[in-house]
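In what follows, a single structure is set out as structure tokens and then discussed.
The values are calculated or read from the model by the stated rules, or taken from the named source; none is laboratory data. Please read all numbers here as calculations on a predicted model, not as lab measurements. Every residue, glycine among them, receives a Cβ derived from its backbone with ideal geometry; neighbour counts consider all protein chains shown. Heavy atoms of the whole protein, side chains included, go into the accessibility calculation; ligands, DNA and RNA do not. Shrake-Rupley method; radii C 1.70, N 1.55, O 1.52, S 1.80 Å.
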Amino acid sequence: MKLRKVSAAAAAALVLSITATACGGDGDSDSGSGSGGGDKIKIGIKYDQPGLGLKEPDGTFSGFDVDVATYVAKELGYDADQIDFVETKSADRENALARGDVKLIAATYSITDERKQKVDFAGPYLLAHQDLLVKTDSDITEATDLNGKNLCSVVGSTSAQNVHDDFAPKANLKENSTYSECISSLQNGTVDALTTDDSILAGYAAQAQYKGKFKLAGLKLSNENYGIGVKKGDTETVNKVNAALEKMVSSKAWDKAVADNFGPANYKNEPAPKIGVIVK
Ligand code: GLU
């Protein structure tokens, strides 16, 4: 009898603790409170793009997008240790925001009219350009050289879209889910070139294991205006993120993030964009 009572009490305690976990406070059931100051905020980044969004072997994160996200989160009321960085690959970004998996996305995410049907954007906070990465001894120098060649890019990216629609419709385009897969293909010769933003390509080219092996063509094939993705209709968050980005630029924290992250790759970035102004 006594035993039964104890187990009933234990069961009740267990129910209580499950309820407490489910309701919260650890932020797992929510991507972050819109008013800021919540326990955690989930932010989507890339995990495999050195200089932009990189998960380091020790589990920490580095890159320009990471620094921008960290600055913005702080302005929204979240300290660095309250950020959960979640991997959002190119093709997953719109869905991750729509489902509420993440509150913000800072993942080399270009603002486009097509994407604006599904998500809202704050920014832009960086202007990059599509380019080609080839082996140092490659004779590919122009986009027209790509026709009939094996080219690698990523599914769900503007880079792959532009190849089809615009500058190399006759290239044999292989679409991976990440750019790091393309880098391996370029290294082993399965593809002749990798195309995406110059900011991303410069980061790979500067990695110790690839030093001297690859070169950028320097073509500026498009304008890529990086925005912070926000769930469609969340104007309040867009406005707050825009204010944070303005402050990041005016306080020169933006310049520091550029120097810290693009300096090592010797990436010559464009000046800070004006918030709300898209370069077509
Ligand atoms: N900025 C381009 C895009 O948003 C290419 C880089 C990427 O796939 O993240 O699609």
Here the qualifying pairs (Cβ atoms under 6 Å; residues six or more apart or on different chains; first in the stretch 257-280 and within 22 Å of P50 (Cβ to Cβ); second charged (D, E, K, R)) come out as A257/D67
For the stretch 197-254 the number of residues that are touching a His at 6+ places or on another chain (Cβ under 7 Å) and of a type in the set (A, V, I, L, M) is 1
Whether any residue in the stretch 230-239 is over 24 Å from K116 (Cβ atoms) and open to solvent by 60 Å² or more (accessible area, probe 1.4 Å) is what I want to check.
no
Restricting attention to the stretch 133-146, the residues that are under 19 Å from G189 (Cβ atoms), open to solvent by 10 Å² or more (accessible area, probe 1.4 Å) and part of a loop (DSSP other than H, G, I, E, B) number exactly 5
Test: S17 is at pLDDT below 50 and surrounded by 11 or more Cβ atoms within 10 Å (Cβ to Cβ):
no
Based on what the data block shows, is S110 within 12 Å of the ligand (Cβ to nearest atom), buried (at least 17 other Cβ atoms within 10 Å of the Cβ) and of a type outside the set (D, E)? yes
Log entry, pairs with first residue in the stretch 80-99 being open to solvent by less than 70 Å² (accessible area, probe 1.4 Å), second being modelled with pLDDT under 95 and of a type outside the set (G, A, S), beta carbons closer than 9 Å, six or more apart or on different chains, reads Q82/D39; D84/D28
Counting only residues that are surrounded by fewer than 18 Cβ atoms within 10 Å (Cβ to Cβ), small (G, A, S) and in contact with a strand residue (DSSP E or B) (Cβ under 8 Å, 6 or more places away or on another chain), the stretch 151-184 contains a total of 2
Going through the stretch 139-174 in order, the residues found to be touching a residue at least 40 places away in the same chain (Cβ under 8 Å) and touching a helix residue (DSSP H, G or I) at 6+ places or on another chain (Cβ under 6 Å) are A143, C152, S153, V154, V155, G156, S157, F167
Among G77, G59, G24, the single one that is modelled with pLDDT under 95 and away from the ligand (no atom under 16 Å from the Cβ) is G24
Subset of the stretch 175-223, residues within 16 Å of the ligand (Cβ to nearest atom), charged (D, E, K, R) and in contact (Cβ under 8 Å) with a residue 60 or more places away in the chain, comes to D197, D198, K220
